[in-house]
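First the structure, in the form of structure tokens, and then the observations on it.
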Amino acid sequence: MLLRNARVIDGTGGPAFGGDVLVVDRRIAAVGVAIEPPSDCRVVELDGLTLAPGFIDPHTHYDAQALWDRDLTPSCWHGVTSVVMGNCGYSMAPTKPEGQATIVRMLEAVEGMSRAALEAGIDWSFQSFPEYLGRVERSGSRLNIGAMVGHSALRYYVMGDDATERTATTEEISEMSSIVRAAVAAGALGFSSSRSTVDNGAYGKPVPSRLAEIAELDAIAGELGELGAGTVQILADARSDSGSAEFLGAFAKKCGRPVTFGSILTGIRGPRGAGREMADQCERYGEGLVVPQIACRPIVQQITLADPFVLVLFAAAFTEALAAEPSERHRIYADPEWRARAIAGLPEGQFAARLPGVILDESKVNRESVGMTLDAIARARGCQPLEALLDLSLEEDLSTRFRVTLANDDEVEVIELLNDPRCLLSLSDAGAHQSQLCDAVYATHLLGYWVRERSALPLELAIWRLTAHPAAVFGISDRGTIQPGMAADLVAFDPDTVAPSDRERVYDLPGGADRVIARSRGIEHVWVNGTEIVRDGEDVPDVAPGMIMRPGSLRDRL
């Protein structure tokens, strides 16, 4: 296949140039000007469209969805050709039969996944991580998939219910380390964990990884160092024992592998400039091994009190509601004693100052108040904003939807971080929180809003952020640039029109569960391993050219 007359941006950060790209046997064979097509070669005329490497999304949580949706929507609509999952310590494997319900409850509580969809969509035809990877590979995928071993799943597999209660023994740590070694040998891209102080999982208990001592992290990550393959990803907040650049730098140097952590978001770590300061500290302590993750969209979620995960960030009392069965939450919110404790706990909440600005987004009972802030509604009702939130929800059986901006809405600092090459663009959470948000559109948002509308960064830097940079961080050695020998993952788009389309709510998850999706504009062609999955802006049906992405350095040795 010859892609002719493109404006090529090759992913290296270098300037765009006019040229052609020849693809042979799923790989890029030549890049140049006026390439003569060989015989039996299909010629695709791109007429000046921008041709870039396929986008790599390094933070998706598609672990469950990959079992029922081999298209991996909506990422495949936005120029994404490769995804990384198993983020933040949450993977589907390893899992024993007796732990399946707990894993489902954990994904529901922490990642906002529908329990009904998980129970209907997961076939549990696997236990070990290699078995899970084989299951996904046999099913096929429209996109390439890289998967990490999640610490919480790993801990629960080895320790059972004790995983949320205590530290691990020497023998248990040894078993976990051996499992991770075998998983990486089978193709895992690395190991992930969460140290976040707000991550409470099944039944309101801390997720298993939070109970791990540093020695446990060192031992498991050390397996990657010995193999010389794999990346470590950690979710840490400033209040956790691993939230400092000094800790992350020391940890990365001990294991000898890249460590990427989430996240530097404006309004999280302090006043304006705190993000750049954290990046400076990571460079100083990590010596290039520590890579902060950033986002290019405000962290905006649509929430209901039926699923109070986000509200735990506002007041600790919501942990009780999160731990309770959904049928019990109505009673809890109506309890005057619980309300008093929730209000008393607000001053300690990390995001409580944003509560008055929460917007009533969808309501059948209180339509006249849609679009108003909780502060305005509370003043009209003569109560506090938290009481207004609870009362509005109780008035329609917790189905009321609210819109809350949690962070990353300081555009001055976001621009600064987008232009800092030390930071990894990430955090789409494409397979998580699906009824609350749709940030799988971050690539087309970056190109449409930040590059075209705001001129906040050059197009060549934006493409590097979406391609070569995540490939380098995760050791994906054969993707991310348009160069001879690289896999033919390519996207052709119109920079004058590329953007996300409007959001819509659909009910297409297993069990009829809902999610928010958005398609794209301006993405004209997408190829995965040389096979076209989008043609003239439309999906090519019934294609699954994706493959499991395995660590490059290890793949070369096995």
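Computed values, structure above
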item: Backbone HN-Hα couplings from phi across the stretch 30-39 [Karplus 6.51/-1.76/1.60, Hz, Gly and Pro as x]; result: 7, 10, x, 10, 6, 5, 7, x, x, 5
item: Gyration tensor (alpha-carbon) shape descriptor, the stretch 177-300, a/c threshold 1.5; result: oblate
item: Long-range HN-HN contacts of Ile145 with modeled amide H, under 5 Å; result: Val83, Met547, Ile548, Met549
item: Ascending count of other beta-carbon atoms within 10 Å, so fewest first, for Trp527, Trp450, Trp338; result: Trp338, Trp450, Trp527
item: Helix axis angle, 170-186 relative to the chain longest principal axis, alpha carbon, degrees; result: 30
item: Cut-off under 5 Å, modelled amide H: who pairs with Asp199 long-range; result: none
item: The stretch 278-287 - phi-based ³J(HN,Hα) in whole Hz, Karplus 6.51/-1.76/1.60, Gly and Pro as x; result: 5, 4, 4, 5, 4, 5, 5, 8, x, 6
item: C-alpha long axis of helix 245-255 to longest principal axis of the chain, angle in °; result: 50
item: Cβ-derived FRET efficiency at R0 30 Å, Asp280 paired with Asp218, nearest 0.05; result: 0.75
item: Quarter of the Cα convex hull surface for the chain, i.e. its orientation-mean projected area (nm²); result: 24.4
item: Principal axis box of the stretch 29-178, alpha-carbon based, largest edge first, Å; result: 65, 35, 24
item: Shape call, the stretch 100-236: gyration tensor on alpha carbons, a/c limit 1.5; result: oblate
item: Cα-based helix-to-principal-axis angle, 336-345 vs the chain, degrees rounded to 10; result: 60
item: Mean shadow area of the stretch 1-115, taken as a quarter of the surface of its Cα convex hull (nm²); result: 10.0
item: Euclidean distance of C-alpha centroids, the stretch 108-165 and the stretch 198-227, integer Å; result: 16
item: Distance between the stretch 522-537 and the stretch 403-457 - C-alpha centres, whole angstrom; result: 23
item: Within the stretch 258-308, GluC sites (Glu not before Pro) in DSSP loop having at most 16 other beta-carbon neighbours inside 10 Å; result: Glu287
item: Cut-off 12 Å, label 7 Å out along Cα→Cβ of Ile415, residues of the stretch 438-477 by amide N; result: 450-451, 453-458
item: Built amide H within the under 5 Å cut-off of Gly190, gap 5+; result: Val149, Thr231
item: Value at 222 nm in deg cm²/dmol, rounded to 500, when DSSP H runs of n ≥ 4 in the chain each add -39,500 (n - 2.57); result: -8500 deg cm²/dmol
item: Per residue, the convex hull volume that the Cα atoms of the stretch 184-231 enclose (Å³); result: 80
item: Karplus-derived HN-Hα couplings along the stretch 356-368 (A = 6.51, B = -1.76, C = 1.60, θ = phi - 60°), whole Hz, x at Gly and Pro; result: x, x, 4, 10, 6, 9, 9, 7, 8, 8, 10, 4, 5
item: Trypsin sites (Lys or Arg not before Pro) restricted to DSSP loop in the stretch 224-287 with at most 16 other C-beta within 10 Å; result: Arg239, Arg272
item: Relative counts (whole %) of C-alpha pair distances in the stretch 301-406, using bins that are 10 Å wide; result: 16, 55, 29, 1
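We did not get these values from a lab; they are worked out from the coordinates using the rules stated. No experiment lies behind these values; they were computed from the predicted model shown. Every residue, glycine among them, receives a Cβ derived from its backbone with ideal geometry; neighbour counts consider all protein chains shown.
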